[in-house]
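So the structure is just underneath, and the comments pick up after that.
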Amino acid sequence: MRRTTLLAMAALAAMALIGQAAAPAPQIRVVVIGKSVHPYWANVERGVKAAAQKLGVQAVFFVPQKEDVAAQISTMETYIAQKVSGIAIAPSDPKALAPTIKKGREAGIPVITLDTDAPESVRIAYIGTDNLAAGRIAGREMRRLLPQGGKVAIGTGSLTALNSLQRIEGFKQAIQGTRIRIVATNNDKEDAATAVSLAAATLRAHPDLAGAYGVYAYNGPAWARAAKEARMAGRLRIVAFDATDEHIALLKEGAIHVLVAQREYFQGYRSVELLTLMAREGVDRALQRYRVPANRIVDTGVDVVTRATLAAYAKKLDELGIPHTWKP
């Protein structure tokens, strides 16, 4: 009897070990948190979903209706509590998000930033545009459009988000020493309707305004709409970030003159890629294998798009497999 009991116990133990060995690995689940509902972030989401499908992981994408720091914090805390495999966030206010980023890291969750960096936080890496360099590109394009100088106004959605501050600073650096003078900087707090009304008010206050700089995705179209209403379309030289369908349509009709097109699709794609590698191989190994530079910035770059370069830009998107509905 005793021998039978011992054999049964051994068999049960062996079955338990076999069951443990056969148990599937935990599903990798990563979270990407953006800033607001907008076609720009829809393109980021496409990249997130494409990477998740290719890598066989789960990916959650979230954006608040409009820029909302409290919503970003509460959403991030929810997923920290769920012990997800990794989090990528575009902090609307880097300083406000820093404690939550730290909380995630302390919980053993890799946290990176995308689109907007938080370099003073403990984020592991940043994936997105080198915004200072991109701002300089925008400024150089404005110099080309206004060789004799003139009054210029800026429209942005935030005066706290690092990407906005760096794009403005880079722009200012590029126009330094010229006769271009900034007469207004409008902060619409990521509200597209407010952006239009502020642009219209600026044009009324400065009817001789020569140029406008759109820092966030909707700012360029806001300037274009206000210029149309003021019968200044085409005459007001507009340099704007991003290249959604709306931007391209306005570029083709001459209402916007230069687009500094971010590669937002790849910001989403590469965020999921890097977080998945971290979950599978550990942070240090992932950083090495992904060839993340010493400064921990993975620059996804920008494309300068004008009517003259639109066909080449479309061809490039097609070659990369990035969807677009417009034709050059």
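The values are calculated or read from the model by the stated rules, or taken from the named source; none is laboratory data. As the structure is a prediction and not an experimental result, all values here were calculated from the model. In this analysis, Cβ positions are derived from the backbone assuming ideal geometry, glycine residues included, and neighbour counts consider all displayed protein chains. The area values use the complete protein model at the heavy-atom level, side chains included, leaving out ligands, DNA and RNA. Shrake-Rupley method; radii C 1.70, N 1.55, O 1.52, S 1.80 Å.
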Restricting the stretch 55-71 to residues that are part of a helix (DSSP H, G or I) and either within 24 Å of ALA118 (Cα to Cα) or modelled with pLDDT under 95 (or both), the one least open to solvent (accessible area, probe 1.4 Å) turns out to be ALA71
Do we have THR129 as open to solvent by less than 50 Å² (accessible area, probe 1.4 Å), without any contact (Cβ under 8 Å) to a residue 40 or more places away in the chain, under 24 Å from TYR40 (Cα atoms) and within 14 Å of the chain's Cα centre (by Cα) here? no
Item to complete: Could you check, for the stretch 206-219, whether at least one of its residues is over 21 Å from LEU250 (Cα atoms) and either at pLDDT below 95 or β-branched (Val, Ile, Thr) (or both)?
Response: no
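This table checks each residue for (1) among the small types (Gly, Ala, Ser); (2) touching a Gly at 6+ places or on another chain (Cβ under 9 Å).
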| residue | (1), (2) |
| --- | --- |
| SER271 | yes, yes |
| THR276 | no, yes |
| GLY282 | yes, no |
| ALA286 | yes, no |
| ARG289 | no, no |
| PRO293 | no, no |
| ARG296 | no, no |
| ALA308 | yes, no |
| ALA314 | yes, no |
Of those in the stretch 164-190 that are more than 21 Å from GLY234 (Cβ to Cβ), open to solvent by 20 Å² or more (accessible area, probe 1.4 Å) and aliphatic (A, V, I, L, M), the residue nearest to the chain's Cα centre (by Cα) is LEU165
Discussion item. Just to be sure before I move on: is ALA193 free of Cβ contacts under 8 Å to residues at least 40 places away in the same chain, within 19 Å of TRP41 (Cα to Cα) and open to solvent by 50 Å² or more (accessible area, probe 1.4 Å) in the structure I sent?
Written reply: yes
Here the residues within the stretch 172-202 that are among the charged types (D, E, K, R) and assigned to a helix (DSSP H, G or I) are LYS172
Taking the stretch 206-246 and the residues there that are crowded, with 24+ Cβ neighbours inside 10 Å and among the β-branched types (Val, Ile, Thr), the one that is farthest from ARG179 (Cα to Cα) would be VAL215
Taking the stretch 203-249 and keeping only residues that are among the β-branched types (Val, Ile, Thr), under 17 Å from GLY139 (Cα atoms) and either free of Cβ contacts under 8 Å to residues at least 40 places away in the same chain or part of a helix (DSSP H, G or I) (or both), one is left with ILE238
Going through the stretch 78-122 in order, the residues found to be in contact (Cβ under 8 Å) with a residue 40 or more places away in the chain, open to solvent by 60 Å² or more (accessible area, probe 1.4 Å) and under 20 Å from LYS66 (Cα atoms) are LYS95
Here the residues within the stretch 22-50 that are farther than 17 Å from GLN262 by Cβ and open to solvent by less than 20 Å² (accessible area, probe 1.4 Å) are VAL30, VAL31, ILE33
